[in-house]
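Have a look at the structure below before the remarks.
The values are calculated or read from the model by the stated rules, or taken from the named source; none is laboratory data. Note that this is a predicted model, so its numbers are computed, not measured. Here the Cβ positions follow ideal geometry from the backbone for every residue, glycine too, while neighbour counts run over all protein chains shown.
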Amino acid sequence: MGMYDDIIDFSMKCPNCGATVSEFQSKDGPCILAGLSFKDVDNFYSYCPDCHAWIEINYADDRKKRTLRDYEITYEQPDKKGD
């Protein structure tokens, strides 16, 4: 059985029967049973507890169109020797 992470801040109505679905998982994170926000992953999924429909949610942005300008760059200046 593979590892996964739980999506902790998301629930929705099942598109098939309308029941509340809230136990979503993802394999886009570190897969250590961590609790992640849906904003931290591109794909997450669950089964409806009532009708057993498979629900999968994928981030719609096309990764291939990303450029470096779409990312925030941060850095830390190294300590100067002798200070």
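Taking segment 20-41 as the range and being more than 13 Å from the chain's Cα centre (by Cα) and assigned to a strand (DSSP E or B) as the test, the residues that pass are Thr20, Val21. In this structure, does Phe24 turn out to be touching a Ser or Thr at 6+ places or on another chain (Cβ under 8 Å), at pLDDT below 95 and surrounded by 11 or more Cβ atoms within 10 Å (Cβ to Cβ)? In short, no. If only residues of segment 13-24 that are touching a strand residue (DSSP E or B) at 6+ places or on another chain (Cβ under 6 Å) and not acidic (Asp, Glu) are counted, the one that is nearest to Asp61 (Cα to Cα) is Phe24.
Phe44 passes every criterion in (1) aromatic (Phe, Trp, Tyr); (2) out of contact with any Ser or Thr (no Cβ under 6 Å at 6 or more places or on another chain); (3) not in a loop (DSSP other than H, G, I, E, B) apart from (2). Based on this model, can you work out whether Asp40 counts as out of contact with any strand residue (DSSP E or B) (no Cβ under 8 Å at 6 or more places or on another chain) and surrounded by 10 or more Cβ atoms within 10 Å (Cβ to Cβ)? Against the criterion (out of contact with any strand residue (DSSP E or B) (no Cβ under 8 Å at 6 or more places or on another chain) and surrounded by 10 or more Cβ atoms within 10 Å (Cβ to Cβ)), Asp40 qualifies.
Within segment 47-78, the set of residues being part of a strand (DSSP E or B), surrounded by 10 or more Cβ atoms within 10 Å (Cβ to Cβ) and not β-branched (Val, Ile, Thr) comprises Tyr47, Asn58. Out of Pro30, Pro15, one residue alone is touching a residue at least 40 places away in the same chain (Cβ under 8 Å) and loosely packed, with under 14 Cβ neighbours inside 10 Å. It is Pro15.
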